[in-house]
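A short write-up of the structure that comes next.
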Amino acid sequence: MTWRIVAAMTVLLAGGTAARAVTEENFQLRTGADLVALCSAPADDPLRTAAIHMCHGFCAGVYQTIMALTMREKVPRLVCPPDPPPSRAEAIAQFVVWAKSDTEHQSERPADFVGRYLVTKYPCPKDAGESPRRSKRSR
């Protein structure tokens, strides 16, 4: 009888957490929700390959832009990833978990939503205002 309860719970949870199908509209990236849909495309979705490539490219581009802009003089660092940083696939998987729990902000522009995640997940210590490149230049 216990195994039946476990089996029933598994079916209920799987149904509640199943990813929705990706649509052509999601590729227009109007909101963070569109990005989350692309990043969490189910394995059997016919658009999965394109969705995952779009997700990885977009997220990597936002991350690289934030890092490049905040490595300039007199610009405080916004994001301080750990050393070594997670792989891109790990970081995006973590983003998807975070994003699904932060539905309040999914209506934001996708770049803002990714930025919110990065600042939340990888905050800089109070004394990290000086970027590593700036510190090296001043020596």
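Brief remarks on what is shown
- With a Förster radius of 41 Å applied to the beta-carbon distance between Ala50 and Glu73, the computed FRET efficiency rounds to 0.55.
- For segment 78-126, pairs of C-alpha atoms spaced more than 18 angstrom apart make up 28 percent of the total.
- Segment 40-123: proportion of alpha-carbon pairs further apart than 14 angstrom, %: 68 percent
- Sorting Arg77, Arg88, Arg116 from the fewest to the most surrounding beta carbons within 10 angstrom yields Arg88, Arg116, Arg77.
- A simple rule links phi to the HN-Hα coupling: the Karplus curve 6.51 cos²θ - 1.76 cosθ + 1.60 with θ = phi - 60°, which for segment 70-78 gives 8, 8, 7, 4, 6, 10, x, 5, 9 Hz, with x for Gly and Pro.
No lab work stands behind these numbers, since they all come straight from the coordinates. Not measured: the values here are computed from a predicted model. In this analysis, Cβ positions are derived from the backbone assuming ideal geometry, glycine residues included, and neighbour counts consider all displayed protein chains.
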